[in-house]
Amino acid sequence: MTAFARLVSTGGAVAATAARSTKVTELAALLGELGPQEVEPAVGFLTGELRQGRVGVGWSTVSQIEVPAAAIPSISIVDVDRMLDELITITGPGSAAARGRLLGSLLERATEDEQIFLRSLLVGELRQGALEGVMVEAVAKAAAVPAAAVRRAHMLGGRLGPTALGALTGGREALEAVGLEVMRPVRPMLASTASDVASAVTALGEVSVEWKLDGARIQVHRRDDDVAVFTRNLRDITSRLPEVADQVRDLPVTSIVLDGETLT
């Protein structure tokens, strides 16, 4: 069985169980079998977060590709990752047809289960229960490192794929070497809940209350005159918020990372 066929099989097993511990065990076993080149794309495939981000393929393209399934698995994780790299380079007139041909050439080498997995992955409909929290625990189990160390590196590094690769190839030392880096987006911190206001105040010690203004959650990075604005999903939207970039560029600092909301 190829590594990609094993990945698809694992995804099916994870989707078929509601037990978190079983999901973690299945995913950890797979991660332990992968080579360094396979780890980052595999984590992206299983969590539905492609290393390449959006690749310009939607349901209209995928639904028009009808090719017979292969009888024997032959494509690799690296094959799929390279195809995605190539997809994002296809632009301009005729790009939809070109993407369709490229995707069709891969799908005709895929088994029926692999075709289903790939189609679902590309259109964002992969539902297999390998959520980030489960994958973080699986990475920790496969690399024999504390889950807290994986979570920290994931938050500061932004992407789970590179975090998993670091954990599996460099262990805890590699995870602890990850730090805040200006111009590299970090994952947003989420609020914790409390049973009531009194419990929250007791836990925090000193608090302040302010009006909540609903806008778009962003983080802004500045190094010298370079400014980048990212969404909570780590997408770069600097070109869409030039006024925010200009305001941060006017601040009397040379390096800063800001987290907040923008109101339109």
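Looking only at the stretch 31-81, which residues are among the hydroxyl-bearing types (Ser, Thr, Tyr) and either closer than 15 Å to Leu107 by Cα or in contact (Cβ under 8 Å) with a residue 60 or more places away in the chain (or both)?
If the condition is that a residue be among the hydroxyl-bearing types (Ser, Thr, Tyr) and either closer than 15 Å to Leu107 by Cα or in contact (Cβ under 8 Å) with a residue 60 or more places away in the chain (or both), then Thr47, Thr61, Ser63, Ser74, Ser76 are the ones that fit.
Looking at the stretch 148-183 only, could you name the residues that are hydrophobic (A, V, I, L, M, F, W, C), assigned to a loop (DSSP other than H, G, I, E, B) and crowded, with 18+ Cβ neighbours inside 10 Å?
Val178 - this is the single residue of the stretch 148-183 that is hydrophobic (A, V, I, L, M, F, W, C), assigned to a loop (DSSP other than H, G, I, E, B) and crowded, with 18+ Cβ neighbours inside 10 Å.
Mind listing just one residue for me: the one in the stretch 20-37 that is among the aliphatic types (A, V, I, L, M) and assigned to a helix (DSSP H, G or I) and, of those, surrounded by the fewest Cβ atoms within 10 Å (Cβ to Cβ)?
Going through the qualifying residues, I end up with Ala29.
Test each condition in (1) touching a residue at least 24 places away in the same chain (Cβ under 8 Å); (2) part of a loop (DSSP other than H, G, I, E, B); (3) open to solvent by 30 Å² or more (accessible area, probe 1.4 Å); (4) not basic (Lys, Arg) for Asp113 and report the one that comes out false.
(2)
Taking the options Val201, Val197, name whichever one is more than 20 Å from Gly157 (Cα to Cα), open to solvent by 100 Å² or more (accessible area, probe 1.4 Å) and without any contact (Cβ under 8 Å) to a residue 12 or more places away in the chain.
None of the others qualify; the one that does is Val197.
Looking at the structure I just gave you, is Leu251 part of a loop (DSSP other than H, G, I, E, B) and either modelled with pLDDT of 95 or more or surrounded by 14 or more Cβ atoms within 10 Å (Cβ to Cβ) (or both)?
Details: part of a loop (DSSP other than H, G, I, E, B): yes; either modelled with pLDDT of 95 or more or surrounded by 14 or more Cβ atoms within 10 Å (Cβ to Cβ) (or both): yes.
Yes, satisfied.
With respect to Gly215, is the statement that it is of a type in the set (Gly, Ala, Ser), under 20 Å from Thr262 (Cα atoms), more than 15 Å from the chain's Cα centre (by Cα) and surrounded by fewer than 14 Cβ atoms within 10 Å (Cβ to Cβ) true?
When the stated conditions are applied, Gly215 passes them.
Is at least one residue of the stretch 38-59 crowded, with 16+ Cβ neighbours inside 10 Å and more than 18 Å from the chain's Cα centre (by Cα)?
The answer is no; no qualifying residue exists.
Could you please give the count of residues in the stretch 207-248 that are in a loop (DSSP other than H, G, I, E, B) and among the aromatic types (Phe, Trp, Tyr)?
Counting residues in the stretch 207-248 that are in a loop (DSSP other than H, G, I, E, B) and among the aromatic types (Phe, Trp, Tyr) gives 1.
Restricting attention to the stretch 224-248, which residues are surrounded by 15 or more Cβ atoms within 10 Å (Cβ to Cβ), in contact (Cβ under 8 Å) with a residue 24 or more places away in the chain and not hydrophobic (A, V, I, L, M, F, W, C)?
Listed by number, the list holds a single entry, Arg232.
Name every residue in the stretch 38-54 that is over 16 Å from Arg119 (Cα atoms) and basic (Lys, Arg), in order of residue number.
Once the filter is applied, which keeps residues that are over 16 Å from Arg119 (Cα atoms) and basic (Lys, Arg), the stretch 38-54 yields only Arg51.
Just checking, does the stretch 2-19 include any residue being under 23 Å from Arg101 (Cα atoms), of a type in the set (S, T, N, Q) and either open to solvent by 40 Å² or more (accessible area, probe 1.4 Å) or not in a helix (DSSP H, G or I) (or both)?
no
The values are calculated or read from the model by the stated rules, or taken from the named source; none is laboratory data. No experiment lies behind these values; they were computed from the predicted model shown. A quick note on method: Cβ atoms are made from the backbone with ideal geometry, for glycine too, and the neighbour counts reach across all protein chains shown. Side chains are part of the model used for accessible areas, which takes the heavy atoms of the whole protein and leaves out ligands, DNA and RNA. Shrake-Rupley method; radii C 1.70, N 1.55, O 1.52, S 1.80 Å.
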